[in-house]
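Student: Before we start, here is the structure in question, set down as structure tokens.
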Amino acid sequence: APDIPIIDQAYSKLSNSITVEWRAVPGATSYLLTAQEGDSFIEAVVTDSPGTVTGLKPATLYRITIRSINSGGKSQPSPFRKTKTVLAAPILSVSSPTCDSIAVSWKAVYMAAGFSVSLIRSDGLGTMLKENTTNTSLIFTNLDPGTLYSIKAYAWNANGIPGDDFTYNQRTSPNTPADVQVAFNSGALRAIVSWMPSEGALTYSVTASSGLLKLTCNTSSASCMMPSLQCGSEYYVSVTAYNDAGSSKPTDAVSLKTVPCAPVNISIEEDEPGHLLVSWSNVSFGHYYVVFVKSDDGLEVHCNTSHPQCHFQSDCGFTYFISVFAYNKAGQSPLGDVFNYTTAPCCPSDLRAAFVSSDTVQVTWAPVRGAEAYETRAVGWGGTVLCNDTATACTLSALQCDTRYEITVYSFSEARGSNTSCASKYVATAPCSPEIKNISKEAHSVISVHWQSNNEAATYIVTARGGAGLWHCTSFGNSCTLIDLPCGSAFSVSAIARSPAGESLPSYSVPLETAPCCPDDLILTQVTQSVTNISWTVGMGAKTYVTTLESPKGQAKCHTLQNHCLLGCITCSTNYTVSLKAISETGVASSCTYQGYSSSACCPSGVKLYRLSNNGIRVYWQVSDVTTNYNTDLRGSKGNFTCTPTSGQSHCDITKIPCGDIYTVVVAPVTDKRTKLTFCPKKIYSVTCSGSSVGMVIYRGKSTAE
């Protein structure tokens with residue numbers, strides 16, 4: 001093992017260590033330092049001198065020994081040397097209570113007899129300040145605000161040996177900001193607060209207080225925006241600077257009055273048509289008010305006043321948008337509620353009423369502002385008729401006839417309701433339709449029409465309408481007479497009432513049929529001695545006819561659809577009265593009387609032929625009326641022969657009759673018109689020849705009448 005080293009000296013520069021110096025020992029590769037304090041040992045291995053043992057207690061006496069070490073082992077401990085560690089450094093607590101002072105304090109240090117504290121600006125400017133004290137605190141004053149200082153402190157023992165020192169950097173708190181300015185933005189309700197920067201200030205805090213409300217704004221710059229300020233308030237604004245040492249004193253408060261709040265309790269009313277009254281409640285900090293009224297056509301007016309109300313002119317059918325602002329030196333209040341007020345719609349203009357029928361009137365008008373719908377009201381003595389529509393026309397139906405109505409058109413809007421001040425128009429309906437009660441025949445072609453009248457004053461016109469034309473009669477009463485109606489015609493009879501208000505609907509039509517016309521011509525032709533053919537012209541309106549031949553000896557009648565008829569059982573040589581009844585399809589009849597008719601004379605009987613000399617023939621017959629003239633015809637193949645005796649005779653002689661022929665013999669009465677009757681019976685005779693003379697006359701029989 002190496003030799004024992006000898007300690008030259010042992011001393012303490014730090015409170016937790018002792019440094020030992022010795023002479024080197026040949027062959028030693030390292031050294032073991034030991035510090036003993038009671039039963040406690042602290043060792044340290046070092047390679048050469050000097051060596052330090054650390055981890056010791058401050059102000060403590062230690063026994064220091066040293067041993068040399070090599071590969072062979074350790075030497076014996078050297079003679080010890082007693083050495084005490086120096087005092088521990090005071091642990092400082094530093095603050096800057098004001099912008100120009102720093103307060104330093106510490107806890108007592110074991111075995112300390114006093115303390116030394118020094119202060120200097122960290123930038124080296126200025127003079128170092130140093131204080132020795134036996135106290136555990138002191139204050140440095142008259143320092144620069146917001147400046148960083150370096151503070152160093154140590155304790156010394158009774159022998160004046162200093163202990164460890166402790167260094168601390170501390171900044172003084174900033175000075176109060178100067179030249180505070182407040183710029184208020186009335187539109188955004190915010191303020192920009194600015195100031196001169198304070199030396200050493202790291203941040204700033206701006207406080208705006210209004211009653212219990214407190215707003216703050218923190219910034220590192222020299223200005224700050226205070227948002228969301230309340231209208232109608234007074235704020236007291238102050239600024240405080242901050243750094244790591246603390247805060248400055250707040251600045252003197254700057255008063256900030258914001259714009260007034262928007263007026264409330266706004267009411268709008270039309271105190272009279274065409275005048276709007278806008279009123280509101282007074283607001284705090286409001287010096288005067290401006291009311292803006294903008295109509296829906298873009299026109300805007302305003303009113304400046306220091307009173308809580310304003311008057312405006314208004315028009316019907318407009319919507320007005322109304323806003324009220326309060327003003328003071330700070331500016332205009334925020335926009336409050338925008339109210340809209342719609343005036344009553346205008347009354348319809350150019351009102352027109354036109355009847356489209358007797359009980360229906362069409363009312364039209366020009367569209368008006370503000371009207372969304374219209375109500376048309378017609379008031380008469382019998383009730384009220386209503387019509388609601390969005391169009392500018394309305395049809396009022398089922399009006400009472402012969403009535404005066406007051407017609408009013410009201411305009412409506414959802415916002416304001418109805419304009420009830422609209423003027424009326426008066427119209428009267430047409431008269432009521434008359435009701436035909438009776439139609440009577442007064443005389444030929446004269447018809448009396450009676451009706452029921454329900455109108456106060458009206459003229460009545462009765463019309464008979466048919467294929468033959470139109471016939472009219474007029475009356476102010478309840479009847480009138482139609483004259484000169486043609487026969488055989490069908491009419492539809494109706495009546496209307498007419499007044500200055502118009503014309504009623506026609507009454508229900510009543511059918512009227514005049515009696516058929518009597519035929520103009522009636523012809524009688526005797527077909528046979530007992531049969532007569534009657535023919536006549538058609539009678540207008542007649543469907544059937546009844547013809548009658550009547551004499552004291554009897555009557556012959558015929559009912560037919562035709563315009564002719566055969567009448568049998570006619571007595572010859574008799575005077576008849578002739579009548580005809582024309583009957584319509586509904587049974588209306590006309591009795592027609594004509595000139596009397598005389599039937600032809602009776603055909604003679606007992607016709608015989610006798611031979612005369614000189615080739616002559618005598619025709620003989622029997623007569624019933626000696627006043628009748630007769631005509632005799634002989635017709636044969638060799639010639640035709642005629643003879644007419646004088647009146648009253650019953651025979652006729654025909655000379656130069658050729659014999660040897662067959663003759664047809666007819667004896668017939670001669671009419672007044674000297675015409676021959678063709679219906680008398682024919683007889684056939686054969687005339688033979690005897691030599692050159694007429695021979696036998698032989699009766700061959702009868703021939704049918706032509």
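Student: With the condition kept exactly as written, say whether any residue in region 363-386 is in the same structural domain as Phe476 (by the TED database), part of a loop (DSSP other than H, G, I, E, B), open to solvent by 20 Å² or more (accessible area, probe 1.4 Å) and more than 26 Å from Ala497 (Cα to Cα).
Tutor: Taking region 363-386 as the starting set, the residues that turn out to be in the same structural domain as Phe476 (by the TED database) are none.
The answer is no, given that none of the residues of region 363-386 is in the same structural domain as Phe476 (by the TED database), part of a loop (DSSP other than H, G, I, E, B), open to solvent by 20 Å² or more (accessible area, probe 1.4 Å) and more than 26 Å from Ala497 (Cα to Cα).
Student: Listed residues Gln170, Gln76; which is under 30 Å from Pro5 (Cα atoms) and either out of contact with any Ser or Thr (no Cβ under 8 Å at 6 or more places or on another chain) or buried (at least 20 other Cβ atoms within 10 Å of the Cβ) (or both)?
Tutor: Numbers: Gln170 fails: under 30 Å from Pro5 (Cα atoms).
Result: Gln76 is the single residue among Gln170, Gln76 that is under 30 Å from Pro5 (Cα atoms) and either out of contact with any Ser or Thr (no Cβ under 8 Å at 6 or more places or on another chain) or buried (at least 20 other Cβ atoms within 10 Å of the Cβ) (or both).
Student: Give region 18-31 a look and list any residue that's surrounded by fewer than 19 Cβ atoms within 10 Å (Cβ to Cβ) and small (Gly, Ala, Ser), or say none.
Tutor: Within region 18-31, Ala24, Gly27, Ser30 qualify.
Student: Before we move on, is Glu272 acidic (Asp, Glu) and in contact (Cβ under 8 Å) with a residue 12 or more places away in the chain? Steps first, answer last, please.
Tutor: Numbers: acidic (Asp, Glu): yes; in contact (Cβ under 8 Å) with a residue 12 or more places away in the chain: no.
No, not satisfied.
Student: So which residues in region 32-61 are among the aliphatic types (A, V, I, L, M) and open to solvent by less than 60 Å² (accessible area, probe 1.4 Å), if there are any at all? Don't jump to the end; show me each part of the working.
Tutor: So in region 32-61, the residues among the aliphatic types (A, V, I, L, M) come out as 32-33, 35, 42, 44-46, 53, 56, 59, 61.
Scanning region 32-61 gives Leu32, Leu33, Ala35, Ile42, Ala44, Val46, Val53, Leu56, Ala59.
Student: For a quick check of your reading: which strands (runs of 3 or more DSSP E) sit entirely within region 520-579 and have at least 3 residues that are hydroxyl-bearing (Ser, Thr, Tyr)? It would help to see each step written out before you state the result.
Tutor: Details: elements: 522-526, 532-536, 544-551, 554-560, 564-567.
The qualifying strands (runs of 3 or more DSSP E) are 544-551.
Student: Looking at Cys316, Cys310, Cys303 in this structure, which one is part of a loop (DSSP other than H, G, I, E, B) and either more than 17 Å from Trp280 (Cα to Cα) or open to solvent by less than 30 Å² (accessible area, probe 1.4 Å) (or both)?
Tutor: None of the others qualify; the one that does is Cys316.
Student: Quick check on my filter: what residues within region 1-17 are among the polar types (S, T, N, Q), surrounded by fewer than 19 Cβ atoms within 10 Å (Cβ to Cβ) and not in a strand (DSSP E or B)?
Tutor: Of everything in region 1-17, just one residue is among the polar types (S, T, N, Q), surrounded by fewer than 19 Cβ atoms within 10 Å (Cβ to Cβ) and not in a strand (DSSP E or B), namely Asn16.
Student: Right, next: Can you tell me how many residues in region 100-126 are within 13 Å of Phe140 (Cβ to Cβ) and either part of a loop (DSSP other than H, G, I, E, B) or in contact with a helix residue (DSSP H, G or I) (Cβ under 8 Å, 6 or more places away or on another chain) (or both)?
Tutor: Of all residues in region 100-126, those within 13 Å of Phe140 (Cβ to Cβ) come to 100-105, 117-121, 126.
Right, trim to either part of a loop (DSSP other than H, G, I, E, B) or in contact with a helix residue (DSSP H, G or I) (Cβ under 8 Å, 6 or more places away or on another chain) (or both) and you get 100-101, 126.
Residues meeting the conditions: 3.
Student: Another one. In region 561-574, what residues are over 28 Å from Val538 (Cβ atoms) and either modelled with pLDDT of 90 or more or β-branched (Val, Ile, Thr) (or both)?
Tutor: From region 561-574, those over 28 Å from Val538 (Cβ atoms) are 571-574; that's our starting set.
Residues satisfying the conditions are Thr571, Thr574.
Student: Further question on the same structure: Considering only region 122-156, state which residues are more than 25 Å from Ala201 (Cβ to Cβ) and open to solvent by 70 Å² or more (accessible area, probe 1.4 Å).
Tutor: Step one: of region 122-156, the residues more than 25 Å from Ala201 (Cβ to Cβ) are 128, 130-138, 152-156.
Correct list: Met128, Lys130, Glu131, Asn132, Thr134, Asn135, Lys152.
Student: Moving on. Of all the residues that make up region 574-587, how many are open to solvent by less than 50 Å² (accessible area, probe 1.4 Å) and touching a residue at least 60 places away in the same chain (Cβ under 8 Å)?
Tutor: Total meeting the criteria: 4.
Student: From the set of residues in region 344-362 that are among the polar types (S, T, N, Q) and either at pLDDT 90 or above or under 14 Å from Ile407 (Cβ atoms) (or both), which is most open to solvent (accessible area, probe 1.4 Å)?
Tutor: Of the residues in region 344-362, the ones among the polar types (S, T, N, Q) are 349, 357-358, 360, 362.
Filter again for either at pLDDT 90 or above or under 14 Å from Ile407 (Cβ atoms) (or both), leaving 360, 362.
Details: Thr360: 19, Gln362: 78 Å².
Filtering first and then ranking leaves Gln362.
Student: Then there is this: Polar (S, T, N, Q), within 30 Å of Pro658 (Cβ to Cβ), without any contact (Cβ under 8 Å) to a residue 60 or more places away in the chain and open to solvent by 50 Å² or more (accessible area, probe 1.4 Å), is that true of Ser605? Break it down stepwise before answering.
Tutor: Details: polar (S, T, N, Q): yes; within 30 Å of Pro658 (Cβ to Cβ): yes; without any contact (Cβ under 8 Å) to a residue 60 or more places away in the chain: yes; open to solvent by 50 Å² or more (accessible area, probe 1.4 Å): yes.
Judged against the criteria, Ser605 is a match.
Student: Still on this structure, I have one more. From (1) touching a Ser or Thr at 6+ places or on another chain (Cβ under 9 Å); (2) open to solvent by 70 Å² or more (accessible area, probe 1.4 Å); (3) among the hydrophobic types (A, V, I, L, M, F, W, C); (4) under 30 Å from Gln595 (Cβ atoms), pick out the condition that doesn't hold for Val538.
Tutor: (1)
For every residue, the table says whether it meets (1) open to solvent by 60 Å² or more (accessible area, probe 1.4 Å); (2) modelled with pLDDT of 90 or more.
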| residue | (1), (2) |
| --- | --- |
| Ala158 | yes, yes |
| Asp164 | no, yes |
| Pro174 | no, yes |
| Ala183 | no, yes |
| Gly187 | yes, no |
| Ser194 | no, yes |
| Pro197 | yes, yes |
| Tyr204 | no, yes |
| Ser210 | no, yes |
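Student: Now a separate question. Looking only at residues in region 649-675 that are modelled with pLDDT under 85 and charged (D, E, K, R), which one is farthest from the chain's Cα centre (by Cα)?
Tutor: Lys656
Student: On to the next question. Is there any pair with a first residue in region 328-346 that is under 24 Å from Ser233 (Cβ atoms) and a second that is polar (S, T, N, Q) whose Cβ atoms are under 7 Å apart and which are 6 or more apart or on different chains, and what are they?
Tutor: Correct list of pairs: Ala330/Ser186; Ala330/Thr258; Gly331/Ser186; Gln332/Ser186; Leu335/Ser323; Gly336/Ser323; Val338/Ser323.
Student: So how many residues does region 388-426 have that are open to solvent by 20 Å² or more (accessible area, probe 1.4 Å) and in a strand (DSSP E or B)?
Tutor: Of the residues in that region, 13 qualify.
Student: In region 471-506, how many residues are open to solvent by less than 30 Å² (accessible area, probe 1.4 Å) and farther than 17 Å from Ala457 by Cα?
Tutor: 8
The values are calculated or read from the model by the stated rules, or taken from the named source; none is laboratory data. Everything numeric in this text was worked out from a predicted model, so none of it was measured. Cβ coordinates were reconstructed from backbone atoms using ideal geometry, including for glycine residues, and neighbour counts include every protein chain displayed. Each accessible area value is taken on the protein alone, full model and side chains, heavy atoms only, with ligands, DNA and RNA left out. Shrake-Rupley method; radii C 1.70, N 1.55, O 1.52, S 1.80 Å.
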